[in-house]
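A short reminder: the numbers here are calculations on the coordinates, not readings from a lab. On a predicted model such as this, the values are computed, not experimentally measured, just so you know. When we count neighbours, we look across all protein chains shown, and the Cβ atoms used for this are built from the backbone with ideal geometry, even at glycine.
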Amino acid sequence: MLWDLVVLLVFGGIVGWVIWYWYRASKEVVSQVEVSNPGGERGTALLVYHPGRRGFLHSVVQAFAGSLVSGGWRVEITTASHQAPTDLLGYDLLVLGGPTYFWTPVRPIRAYVRGLGDLEGEPTVTIVTGFGSTGRSKSILEALVQEANGKLVNSLTFFKLRPNDEEDPRPNREVAMEMATRAGAAISVSHD
Ligand SMILES: Cc1cc2nc3c(=O)[nH]c(=O)nc-3n(C[C@H](O)[C@H](O)[C@H](O)COP(=O)(O)O)c2cc1C
């Protein structure tokens with residue numbers, strides 16, 4: 001009887017903690033739009049992301065953004081909130097990032113995409129992160145972009161626990177940063 005109670009309390013505590021963490025991690029984060037390389041002549045990229053709780057998604061998005069800046073882009077970056085820009089006139093590239101919770105991209109990034117309306121062929125990159133099971137989450141974000149008439153130019157996934165590159169012995173996070181940097185450098189958009 002006592003053991004039943006102990007098991008119930010431990011199990012309930014774990015479930016409660018997961019729900020609490022998920023609730024906190026899914027709350028909209030409002031931030032200013034930060035501009036990097038204002039004179040960038042390659043075009044203007046808008047990066048909208050939902051930061052995770054422990055910084056992995058944030059670091060990956062910053063690596064991607066840094067690479068765009070090095071490649072001559074003007075970069076505007078902000079978090080997915082009701083204050084993030086929704087008028088995409090003047091942006092040559094849209095980058096959307098969000099962590100995966102329960103096989104789904106976090107709510108604020110989904111809400112942001114749904115609030116954009118018709119993307120009118122806007123070149124778009126999606127970035128999802130997760131421990132290692134992100135296939136469904138990646139597909140959901142891709143589908144949201146395509147349903148909104150966005151032009152998906154790349155869809156990236158980075159893992160926190162599963163190796164990002166089986167062949168690379170360096171710490172997984174380091175590998176993810178380098179892959180994000182390479183992906184940013186490889187972005188090329190056509191204006192058709
Ligand atoms: C409640 C909860 C559910 C999660 N569900 C998944 C999942 O379904 N698939 C997955 O790959 N990662 C999952 N993760 C891991 C997060 O996606 C990962 O922590 C996040 O992408 C990046 O972490 P950070 O930015 O908070 O450091 C989950 C994490 C938590 C806390």
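Work out the FRET efficiency for ARG173 and LEU152 from their Cβ-Cβ distance, taking R0 = 22 Å, and round it to the nearest 0.05. Once the sixth-power term is evaluated, E becomes 0.30.
Computed from label points 7 Å out along Cα-Cβ, the spacing between LEU89 and TRP20 is 4.8 nm. Computed from backbone phi with θ = phi - 60° and the Karplus coefficients 6.51, -1.76 and 1.60, the 3J(HN,Hα) list for the range 149-155 is 6, x, 9, 6, 9, 6, 10 Hz; x is used for glycine and proline.
Computing FRET efficiency as 1/(1 + (r/R0)^6) for TRP103 and LEU9, where r is the C-beta to C-beta distance and R0 is 30 Å, gives about 0.60. Couplings for the range 135-140, taken from phi via the Karplus curve 6.51 cos²θ - 1.76 cosθ + 1.60 with θ = phi - 60°, read x, 5, 4, 4, 5, 5 Hz in order; Gly and Pro are left as x. Distances between placed amide hydrogens fall under 5 Å for THR124 paired with LEU94, LYS151, LEU152, VAL153, ASN154, all partners being 5 or more residues away or on another chain. Between amide H atoms placed 1.01 Å from N, distances below 5 Å from GLY52 occur with LEU57, HIS58, all of them 5 or more places distant or on a separate chain.
Percent of C-alpha pairs per 5 Å bin in the range 20-162, short distances first: 2, 11, 22, 25, 22, 13, 5, 1, 0. Based on DSSP H segments of at least four residues, each scored -39500 (n - 2.57), the chain has a per-residue ellipticity at 222 nm of -12500 deg cm²/dmol. Net length available on complete extension from VAL29 to ARG136 is 36.1 nm, with 0.36 nm assigned per residue and the Cα-Cα distance removed. Here the label points at LEU2 and ALA143, each 7 Å from Cα along the C-beta direction, are separated by 5.1 nm in the simple model.
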